[in-house]
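Undergrad: Have a look at this one before I ask anything.
The values are calculated or read from the model by the stated rules, or taken from the named source; none is laboratory data. These numbers were taken from a predicted model, which means no experiment stands behind them. Cβ sites come from the backbone with ideal geometry, for glycine too, and all protein chains shown count toward neighbours.
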Amino acid sequence: MKKSAKKSHADQTRPENIKRILIVKPSSLGDIFHVFPAVARLQELFPEAEFDWLVHPAFADALDYAPVKVSRKIIFRRKELGKVSTAIPAMMELIRELRMISYDYIFDFQGLFRSAFFARIARGRVVGFARPREPMARWFYHNWCKVNLRLHAVRRNQLLVERFFQTGTMRTTCKVTSQVENSKTLNTKLERLGIKPDDLLIGVSPGARWESKTFPEDLFARVIRLTSEMYPQARFVIMGAPADQKIAENIRQLANTPAAVSIAGATELGELVELISRCKVLLANDSGPVHIAAAAQVPVVCFYGPTNPNLTGPFGDIHTIFQRGDLKCIKCMRRKCCQIVTECHNIDAAAVATAISRKIRED
């Protein structure tokens, strides 16, 4: 195993000779969107290259919105790999897919032992972080690059490419492009809810994987009511996964306004991307939709408590983050709050509504 060569790989390799690159970033939803700008830069460096992507099946449709055409989606079936009855056939199928084609470069943006292991199984030069999320991942890299871990995830991914090829500063954004079929099916679902194409849409995404990231339903409802008073023409579309349906319905009822509707659990991933892209603003917890909105250049007003928005917040300068900086326990990284009262969830609804109003006026 060797460290990154001192000479520029871009100088050593002619761009037209780079034919195939594999991206290893199976999950999560937000993390996949964090990789898009780095992948866009790879295409700029190697315009003739084709891209394959190792991805979890739940997030495969997100790759339709990647800044490059993904030739092969290599499905990482984590559930099957974790079961005794299906592990061997799932592993053999994955190995077959990974070794079907030779790659000029394989970039492991995940940084886990598992992701690096499968990257090394594929045929090609594996590149990763010098300090990956799991240190043992580096065992499987041919080359690694030092990157400041205190930077935002988007910038860290960009720097992996930038440092490896020793290029100049690269692009920081790449807007997602609408997909016709997903747009059509979303139109049908919105029409059933009485939402018209020219309506002022404000997205509401109250779901989150961690309990500590899930801010109170009443907070979302109060923000909807206050914003509705300022913008009577606005429609509030509460979105989320099937698991978020109960939360979404509770917020709709608490908001007590016909302007709010719930579509939680009724959209496929591609339709969710289309919906967020149409919103003037997205109100959300720290979750995947935040990063979809950032990629679509939709302003986000979001709540952060246990996590650090400087590292994993919406990327860009058009967003507003509410986080209680006066609390010692903030950014604790706990999935569940260990306090009797989750103080970081105590946010002024009026201030949030004002922030949303400002985003609408700035548009």
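Undergrad: Return the residues of segment 91-137 that are over 14 Å from Phe164 (Cα atoms), in contact (Cβ under 8 Å) with a residue 24 or more places away in the chain, in contact with a Gly (Cβ under 7 Å, 6 or more places away or on another chain) and not hydroxyl-bearing (Ser, Thr, Tyr); say none if nothing qualifies.
TA: Gly111, Ala116, Pro132, Ala137
Undergrad: Which residues, taken from segment 68-124, are among the polar types (S, T, N, Q) and under 21 Å from the mean Cα position of the chain (by Cα)?
TA: Residues of segment 68-124 that are among the polar types (S, T, N, Q), as a first pass: 71, 85-86, 102, 110, 115.
Residues satisfying the conditions are Ser71, Gln110, Ser115.
Undergrad: Which one of these is part of a loop (DSSP other than H, G, I, E, B) and within 23 Å of the chain's Cα centre (by Cα): Val176, Val161, Val154? Full working, then the answer.
TA: Details: Val161 fails: part of a loop (DSSP other than H, G, I, E, B); Val154 fails: part of a loop (DSSP other than H, G, I, E, B).
Among Val176, Val161, Val154, only Val176 is part of a loop (DSSP other than H, G, I, E, B) and within 23 Å of the chain's Cα centre (by Cα).
Undergrad: Here's another thing I want to ask about it. For segment 233-282, what are the residues that are under 15 Å from Ile356 (Cα atoms), surrounded by fewer than 19 Cβ atoms within 10 Å (Cβ to Cβ) and among the basic types (Lys, Arg)?
TA: Correct list: Lys280 only.
Undergrad: On to the next question. Please list, ordered by first then second residue, the pairs with beta carbon atoms under 7 Å, 6 or more apart or interchain, first in segment 292-321 and within 23 Å of Arg335 (Cβ to Cβ), second part of a helix (DSSP H, G or I) and hydroxyl-bearing (Ser, Thr, Tyr).
TA: Close Cβ pairs (under 7 Å, with a partner that is part of a helix (DSSP H, G or I) and hydroxyl-bearing (Ser, Thr, Tyr)) amount to Gly305/Ser212; Pro306/Ser212.
Undergrad: Another question about this same structure. Could you please give the count of residues in segment 153-179 that are of a type in the set (A, V, I, L, M), at pLDDT 90 or above and more than 13 Å from Leu45 (Cα to Cα)? Quick ask: steps written out before the conclusion?
TA: Initially, segment 153-179 is screened for residues of a type in the set (A, V, I, L, M), giving 153-154, 159-161, 170, 176.
Filter again for at pLDDT 90 or above, leaving 153-154, 159-161.
Applying the additional criterion that residues be more than 13 Å from Leu45 (Cα to Cα) yields 153-154, 159-160.
So the count comes out to 4.
Undergrad: Taking segment 34-55 as the search range and keeping residues that are in contact with a helix residue (DSSP H, G or I) (Cβ under 6 Å, 6 or more places away or on another chain) and in a loop (DSSP other than H, G, I, E, B), which one is farthest from Gly313 (Cα to Cα)?
TA: If we take residues in segment 34-55 being in contact with a helix residue (DSSP H, G or I) (Cβ under 6 Å, 6 or more places away or on another chain) and in a loop (DSSP other than H, G, I, E, B), then Glu48 is farthest from Gly313 (Cα to Cα).
Undergrad: Out of all the residues in segment 284-303, is one or more within 23 Å of Ser228 (Cα to Cα), at pLDDT 95 or above and surrounded by fewer than 20 Cβ atoms within 10 Å (Cβ to Cβ)?
TA: no
Undergrad: Mind checking which residues of segment 234-277 are part of a helix (DSSP H, G or I) and under 17 Å from the mean Cα position of the chain (by Cα)?
TA: Pass one, segment 234-277, residues part of a helix (DSSP H, G or I): 242-255, 269-277.
Result: Leu269, Gly270, Glu271, Leu272, Val273, Glu274, Leu275, Ile276, Ser277.
Residues checked against (1) out of contact with any strand residue (DSSP E or B) (no Cβ under 8 Å at 6 or more places or on another chain); (2) at positive phi; (3) modelled with pLDDT of 95 or more; (4) assigned by TED's automatic domain parsing to the domain that holds Leu22:
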site: Arg77; (1), (2), (3), (4): yes, no, no, yes
site: Gly82; (1), (2), (3), (4): yes, no, no, yes
site: Arg96; (1), (2), (3), (4): yes, no, yes, yes
site: Tyr103; (1), (2), (3), (4): no, no, yes, yes
site: Gln110; (1), (2), (3), (4): no, no, yes, yes
site: Ser115; (1), (2), (3), (4): no, no, yes, yes
site: Ala122; (1), (2), (3), (4): no, no, yes, yes
site: Pro132; (1), (2), (3), (4): no, no, yes, yes
site: Asn143; (1), (2), (3), (4): no, no, yes, yes
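Undergrad: So for segment 57-73 (the condition being more than 22 Å from Gly313 (Cα to Cα), polar (S, T, N, Q) and at pLDDT below 95), does at least one residue qualify?
TA: There is no residue in segment 57-73 that is more than 22 Å from Gly313 (Cα to Cα), polar (S, T, N, Q) and at pLDDT below 95.
Undergrad: While we're looking at this one, here's another question. Taking the options Gly325, Gly316, name whichever one is within 30 Å of Pro67 (Cα to Cα), modelled with pLDDT under 95, surrounded by fewer than 20 Cβ atoms within 10 Å (Cβ to Cβ) and in the same structural domain as Ala234 (by TED's automatic domain parsing).
TA: Answer to the check: Gly316.
Undergrad: Would you confirm, using the coordinates I've provided, whether Gly203 is buried (at least 16 other Cβ atoms within 10 Å of the Cβ), among the small types (Gly, Ala, Ser) and part of a loop (DSSP other than H, G, I, E, B)? It would help to see each step written out before you state the result.
TA: Details: buried (at least 16 other Cβ atoms within 10 Å of the Cβ): yes; among the small types (Gly, Ala, Ser): yes; part of a loop (DSSP other than H, G, I, E, B): no.
Taking the combined requirement at face value, the residue does not satisfy it.
Undergrad: Okay, next question. Say we look at segment 4-23 and pick out the residues that are of a type in the set (S, T, N, Q) and outside any loop (DSSP other than H, G, I, E, B); which of these is modelled with the lowest pLDDT? Talk me through it step by step, then tell me what you get.
TA: Step one: filter segment 4-23 for residues of a type in the set (S, T, N, Q), giving 4, 8, 12-13, 17.
Next, only the ones that are outside any loop (DSSP other than H, G, I, E, B) stay: 12, 17.
On the way: Gln12: 55, Asn17: 80.
Within segment 4-23, the match that is modelled with the lowest pLDDT is Gln12.
Undergrad: Which residue is surrounded by the fewest Cβ atoms within 10 Å (Cβ to Cβ), if the candidates are limited to segment 222-232 and must be more than 25 Å from the chain's Cα centre (by Cα) and touching a residue at least 24 places away in the same chain (Cβ under 8 Å)?
TA: Keep residues of segment 222-232 that are more than 25 Å from the chain's Cα centre (by Cα), which gives 222, 225-232.
If we keep only those that are touching a residue at least 24 places away in the same chain (Cβ under 8 Å) as well, we get 222, 225-228, 230-232.
Values: Arg222: 20, Arg225: 18, Leu226: 17, Thr227: 27, Ser228: 21, Met230: 12, Tyr231: 17, Pro232: 9.
Here the answer is Pro232.
Undergrad: Kindly indicate whether Ser212 is closer than 26 Å to Ala350 by Cα and under 20 Å from the mean Cα position of the chain (by Cα). Can you show your working first?
TA: On the way: closer than 26 Å to Ala350 by Cα: yes; under 20 Å from the mean Cα position of the chain (by Cα): yes.
So Ser212 passes the test.
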